[in-house]
Amino acid sequence: MPVNLTINGKAVQARAGQSVLEAARASGVHIPTLCHHADLSPVGACRLCVVEVEKMRGLVAACTLPVSEGMVVQTHTPKVIDERKFILEMLLTDHPNDCMTCQADGGCELQDAVYEYQVKWSEHKGKRHSYPIDGDPNPFIFTNFNKCILCTRCVRACAEIQGRNVWGVANRGFNDKIVAGADVTMLEAGCESCGACAAYCPTGALLDKPSRGKGREYQMKKVTTTCTYCGVGCQFDLNVRNGQVIKVTSNRNAAVNGMALCVKGRYGHEFIHHKDRLTKPLIKKDGTFVEATWDEALNLIAEKLGGCKGDQFAFLASAKATNEENYIFQKFTRTVMRTNSVDHCARL
Amino acid sequence: MTNNIADIDNCKTMLIIGSNTTEQHPVIGTRIRRAVRNGAKLIVADPRAIDVANMATLYIRQRPGTDIALLNGLAQIILQEGLEDKEFIAQRTEGFDAWLKVVETYTPARVSEITGIAVDDLFTAARLYAGNKPSAIFYAMGITQHTTGHNNVLAIANLALLTGNLGKPGAGVNPLRGQNNVQGSCDVGALPNYFTGYQRVIDDAAREKFQKAWGVELSPKVGLTVGEMIKGANAGQVRAMWIVGENVAMSDPDSHHVVAAMNKLDFLVVQELFMTETAELADVVLPAASFAEKDGTFTNTERRIQRVRKAIEPIGDCRVDWEIVCDVARRMVSSSKFQVSGSEPETMEPETWNYDSAEEIMNEIASLTPQYGGVTYARIDAKGLQWPIPNKEHPGTPILHTQQFTRGKGMFSAVEHQEPAESPDAAFPFTLTTGRILQHYHTGAMTRRVAGLEQLAPEERVELNPDDAAQMNVGDGEWLRVSSRRGEVQARAWVTDRVGRGVVFMTFHYAEALTNALTNTAVDPIAKIPELKVCAVKVEKLERETQESMFVMVGGK
Ligand code: SF4
Ligand code: SF4
Ligand code: SF4
């Protein structure tokens, strides 16, 4: 049953069970959020998505408010806008003024909201946290909880996407803090280094450690491809800058995995530019490898294989190579080498 | 997989047997965890209490190599309790009566004796799987890497047929394919007995079709499997090999024997990213482009064909694998000097090997492969497609066998328990089982060159049961010598109840602890898969200076 409601004077149809936030977004109305993510359960923690609803008292968080028949919603009244500015100002009183060097710049949802509402960072004498920066030994996750806005997206991502329960909120009033397990290291708390928490963190509080300082969101060319490791077939975006693969980011449209990746897919790409990569053909002469041109190497292969046709030849294809490549390997073996001895390590 | 990955959300019961899912297929693992959180039941049957066993409704530990007894035993209980799907058996299967005769002999007491699993647990597992449907089975190398691998798979299929858990959402039999493109490599004919799409090389009509398409006469003789290639090289029958991206000197059983075979070849070409243990043995090493440097497609374990896209230019002088082989092919067909004396003259034109792009190759695959018939790069651009995709209008096939099986009716196959090729004895009293860990991949050529992964998992660890460790007076992190009839390896102990008594586990990621020096080359007679999951070893404490293990504990265990 569709539900009819009015958003900013416009008639909108929504699905039963949708939230006001979802209905508004589906109809093209932008409501800012921080703690909300479409993949995660709604919690209504940041209250940036507040709206005015006729016959309801005060301002209500749109992300946890289900649509109902005849509802009349206003998303950008002066009262709503003032509330959002106030929320953002409060967040900034405990946030470093660090966008200049922050890795998240350009990909930070707090920055976007603060910009949209033109809230200023202000010097003040009050307390700001100074938690240790990069305080966790996990080789892949960089933590800076001075930038944490306690949205709990990391907590929910770890629990709901990865199925771990590494992160939690330690309740200590002003000192509420995101902690791993009983305030231990991430690995001790059962972390699998999948990076989901960093991928879902809206700020620079949780980041991919290996790619810090190597380029920001807007400097990256993103190329969607399929993981080279296991048979799940996760897709993600290779982030390229100056001809170098800098990092992997989740691509929410990925058919199999959505934003989820494992430690190998997300962080296992360093080998691409490793100094050990073979870059020249090598021919063994008197027991040692000597660099050769492609012509030398391929002529030698053509000559040697020309004398070894039929069942004296065997091709070991690769389960890591593409379909197109494996097709060529078997076609070559069967047509040029005249044997069906082509196989790959399917059994290992 | 008969069912798609997203379908895991529809399972009411999942049976994981012989798959360390959360470490080897991690994102499928997370999906399974999510299903459990949403109320699905999970049975894990594995010789090791792997990570996912921690959240199982029931964890059962079978002795390595006793899967058939276990699966037959579950079937026997299901029948005894009347939980079978009689309608499904009558309408969609055959061979039930003959199978019944064998299965009836697998009484709970006998199965418990063979597998080491308590009778009560057998009943709980059978009742969950058959009573709380739909139920799906997930398995991987823990089932296939046995001398009974082929029969293990049949025993799994029997259980699904018996309970009607096939061809519907939330059910299914789901082999999880190991490497990223194992499925695709098989689909496009990188196999000694099949052309693309599992068209048999011994089938005259199939050969005729490919002869016409390729313009040359084709051999009707089935070729050699990997294991047979290595044996052939040792025996001098195989004289030249070309190996792309496989490190057989480390990944294959009985490594010493593999190295000896490679050394006997007259000519070995290895095409690789790195100077691997196998590349070292080559006459010519060719630098290949990585996945980030090329276009193409991979086919995942749920048969989804997805795009691989070039993000950067090949490093240095590296070239894309298919281009290299096409280049050699052109050289060979254009020069009669390479003709073997006595063979008929080459009829191929060098131009046959001029492909402009990977896309052009895929179009040729689609034209010759019924399952890939509807594939174009445009169609798979966004979400891929799951084969079979017989034509350009077909939307792909997320769930197989909804109406009927490939062969018409599902066949019950009577299979019997059989001990592994090598069982522990007085000289080699432990069972070694092998596998992989989350942080590394295969022989480590790629992952061991990622600093963070190396930091998380820097060295081999032999999983050793606390009781065995106590008896040998071995502490966590102390050095062990593990030896078999074929070789020996030194590595530190990880004293953990992940493994049962008498069983040790090692990976094959680390060249400095070459686990495959120990393993057995005995293969399954049909699938030709080596028995990497069971061999007999001796485990001894080694007096060696023991520093603190560098291993960071992962997963809280
Ligand atoms: S990296 Fe993954 S497992 Fe570790 S804390 Fe983050 S979400 Fe959880
Ligand atoms: S670390 Fe990031 S995701 Fe987690 S609560 Fe803080 S801001 Fe939110
Ligand atoms: S990201 Fe991990 S789970 Fe996904 S395909 Fe790659 S290795 Fe497999």
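Yes or no, residue by residue, for (1) farther than 22 Å from residue B:196 by Cβ; (2) buried (at least 21 other Cβ atoms within 10 Å of the Cβ); (3) over 42 Å from the mean Cα position of the chain (by Cα); (4) more than 7 Å from every other protein chain (Cβ to nearest Cβ):
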position	(1), (2), (3), (4)
A:276	yes, no, no, no
A:304	yes, no, yes, no
A:317	no, yes, no, no
A:324	no, yes, no, no
A:330	no, yes, no, no
A:339	no, yes, yes, no
A:342	no, yes, no, no
A:345	no, yes, no, no
ask   = For region B:300-312, does any single residue satisfy the condition of being among the hydroxyl-bearing types (Ser, Thr, Tyr) and either part of a strand (DSSP E or B) or under 18 Å from residue B:350 (Cα atoms) (or both)?
value = no
note = Of the candidates A:199, A:205, the one satisfying the condition of being modelled with pLDDT of 95 or more, open to solvent by 20 Å² or more (accessible area, probe 1.4 Å), of a type in the set (A, V, I, L, M, F, W, C) and within 15 Å of ligand 2 (Cβ to nearest atom) is A:199
key: Test for residue B:471: is it without any contact (Cβ under 8 Å) to a residue 12 or more places away in the chain and not small (Gly, Ala, Ser)   = yes
message = Restricting to region A:129-147, count the residues that are more than 16 Å from ligand 3 (Cβ to nearest atom), hydrophobic (A, V, I, L, M, F, W, C) and either farther than 18 Å from residue A:204 by Cβ or part of a loop (DSSP other than H, G, I, E, B) (or both).
response = 1
note = Pairs returned, first residue in region A:315-334 that is without any contact (Cβ under 8 Å) to a residue 60 or more places away in the chain and within 19 Å of residue B:290 (Cβ to Cβ), second residue that is charged (D, E, K, R) and buried (at least 24 other Cβ atoms within 10 Å of the Cβ), beta-carbon separation under 6 angstrom, 6 or more apart or interchain, are A:316/B:246; A:318/B:246; A:321/B:321; A:325/B:321
inquiry  = Can you find, within region A:132-147, the residue that is nearest to residue A:46 (Cα to Cα) among those that are away from ligand 1 (no atom under 14 Å from the Cβ) and open to solvent by less than 30 Å² (accessible area, probe 1.4 Å)?
reply    = A:147
note = Checked region A:212-236 for anything without any contact (Cβ under 8 Å) to a residue 40 or more places away in the chain and of a type in the set (Ser, Thr, Tyr); matches are A:224, A:225, A:226, A:229
request  = Mind telling me which of the residues B:32, B:16, B:60, B:5 ends up being more than 18 Å from residue A:160 (Cβ to Cβ), within 16 Å of ligand 3 (Cβ to nearest atom) and β-branched (Val, Ile, Thr)?
outcome  = B:16
remark   = Residue pairs qualifying under the 6 Å Cβ cut-off, at least six apart or on distinct chains, with the first in region B:371-395 being within 21 Å of residue B:3 (Cα to Cα) and the second being of a type in the set (A, V, I, L, M, F, W, C) and part of a helix (DSSP H, G or I), are B:372/B:365; B:372/B:366; B:373/B:366; B:375/B:366
message = Can you confirm whether residue B:129 is open to solvent by less than 40 Å² (accessible area, probe 1.4 Å) and not polar (S, T, N, Q)?
response = yes
task = Would you point out the residue of region B:199-208, among those that are within 13 Å of chain A (Cβ to nearest Cβ) and either in a helix (DSSP H, G or I) or closer than 11 Å to residue A:340 by Cβ (or both), that is nearest to the chain's Cα centre (by Cα)?
result = B:200
request  = Tally the residues that are at the interface with chain B (Cβ under 9 Å from one of its Cβ atoms) and under 17 Å from residue B:330 (Cβ atoms), restricting the search to region A:279-297.
outcome  = 4
message = Can you confirm whether residue A:264 is within 7 Å of another protein chain (Cβ to nearest Cβ), closer than 21 Å to residue B:308 by Cβ, of a type in the set (D, E, K, R) and without any contact (Cβ under 8 Å) to a residue 40 or more places away in the chain?
response = yes
query = In the set A:128, A:172, A:164, which member is under 18 Å from the mean Cα position of the chain (by Cα), more than 13 Å from ligand 2 (Cβ to nearest atom) and modelled with pLDDT under 95?
reply = A:164
message = For region B:33-59, give me each residue that is β-branched (Val, Ile, Thr), buried (at least 23 other Cβ atoms within 10 Å of the Cβ) and more than 15 Å from ligand 1 (Cβ to nearest atom).
response = B:43, B:44, B:50
query = For region B:65-80, what are the residues that are in contact (Cβ under 8 Å) with a residue 24 or more places away in the chain and of a type outside the set (Val, Ile, Thr)?
reply = B:65, B:67, B:69, B:70, B:71, B:72, B:73, B:74, B:75, B:76, B:79
message = Can you tell me which of (1) at pLDDT below 95; (2) at the interface with chain B (Cβ under 7 Å from one of its Cβ atoms) is the one residue A:183 doesn't meet?
response = (2)
key: In region A:164-182, residue farthest from ligand 3 (Cβ to nearest atom) [restricted to those that are within 26 Å of residue B:453 (Cβ to Cβ) and open to solvent by 30 Å² or more (accessible area, probe 1.4 Å)]   = A:181
message = If residue A:143 satisfies all but one of (1) within 14 Å of chain B (Cβ to nearest Cβ); (2) modelled with pLDDT of 95 or more, what's the number of the condition it fails?
response = (1)
inquiry  = For region A:148-178, which positions are outside any loop (DSSP other than H, G, I, E, B), within 11 Å of ligand 1 (Cβ to nearest atom) and touching a residue at least 12 places away in the same chain (Cβ under 8 Å)?
reply    = A:153, A:154, A:155, A:156, A:157, A:158, A:160, A:161, A:162, A:167, A:168, A:178
request  = Mind counting the residues in region B:86-110 that are touching a residue at least 40 places away in the same chain (Cβ under 8 Å) and farther than 25 Å from residue B:18 by Cα?
outcome  = 10
inquiry  = Just to be sure I understand, how many residues within region B:2-33 are among the aliphatic types (A, V, I, L, M), closer than 14 Å to residue B:133 by Cα and within 13 Å of another protein chain (Cβ to nearest Cβ)?
reply    = 1
inquiry  = Filter region B:173-198 down to the residues that are of a type in the set (A, V, I, L, M, F, W, C) and more than 7 Å from every other protein chain (Cβ to nearest Cβ) and list them by number.
reply    = B:173, B:195
ask   = Tell me, which helices (runs of 4 or more DSSP H) wholly within region A:8-116 include 3 or more residues that are closer than 29 Å to residue B:37 by Cβ?
value = A:20-26
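The values are calculated or read from the model by the stated rules, or taken from the named source; none is laboratory data. Worth saying up front: this structure is predicted, and the values here are computed from it rather than measured. Note: ideal-geometry Cβ built from the backbone for every residue, glycine included; neighbour counts use all protein chains shown. For accessibility, only protein heavy atoms count, side chains too; no ligands or nucleic acids. Shrake-Rupley method; radii C 1.70, N 1.55, O 1.52, S 1.80 Å.
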